[in-house]
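S.K.: Handing you a structure now.
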Amino acid sequence: MEDDDVGPMSWDEARDLARLVGAIGAHSLRHAILICKTEASTLSDVEQNIAEVSSEIGTPRKSFAFHNRNYTERLCTSSL
């Protein structure tokens, strides 16, 4: 079942949310399962997403949300 009311946030909605809560964090560029990609590809995805969020709404919170709890210790401690 699909719901037309569920979907990604627009940049305007993200900006409104950032103003409301103070800051938001990056999540990923393509919403891939990051632990199934090479480390270099994952780090590139994360870095590009942080850059995109920064460009659209300002510097994101200094955290990154790994969706579906798919992360490795090394990814969590990498110096992004």
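The values are calculated or read from the model by the stated rules, or taken from the named source; none is laboratory data. The structure displayed is predicted, hence computed values, not measured ones. Positions of Cβ are generated from backbone atoms using ideal geometry, with glycine treated the same way; all protein chains shown enter the neighbour counts.
S.K.: May I ask you to list pairs of residues, at least six apart or on different chains, whose Cβ atoms are under 9 Å apart, with the first in region 55-76 being in a helix (DSSP H, G or I) and the second being surrounded by 14 or more Cβ atoms within 10 Å (Cβ to Cβ) and modelled with pLDDT under 75?
M.R.: Going by the 9 Å Cβ cut-off, the qualifying pairs are Leu75/Phe64; Leu75/Phe66; Cys76/Phe64; Cys76/Phe66.
S.K.: Output the qualifying pairs, or none if there are none: Cβ atoms under 6 angstrom, residues six or more apart or on different chains, first residue in region 1-28 and within 22 Å of Asn68 (Cα to Cα), second residue among the polar types (S, T, N, Q) and modelled with pLDDT under 90.
M.R.: Gly25/Ser63; Ala26/Asn49; Ser28/Asn49
S.K.: Next up: Could you count how many residues in region 1-54 are of a type outside the set (A, V, I, L, M), out of contact with any strand residue (DSSP E or B) (no Cβ under 7 Å at 6 or more places or on another chain), within 28 Å of Glu73 (Cα to Cα) and not in a loop (DSSP other than H, G, I, E, B)?
M.R.: 10
S.K.: Kindly establish whether Ser28 is surrounded by 14 or more Cβ atoms within 10 Å (Cβ to Cβ) and modelled with pLDDT under 80.
M.R.: On the way: surrounded by 14 or more Cβ atoms within 10 Å (Cβ to Cβ): yes; modelled with pLDDT under 80: yes.
In short, yes.
S.K.: Next up: Among the residues of region 33-80 satisfying the criterion of being of a type in the set (A, V, I, L, M) and under 29 Å from Arg19 (Cβ atoms), which is modelled with the lowest pLDDT?
M.R.: Only one residue tops the list, namely Leu80.
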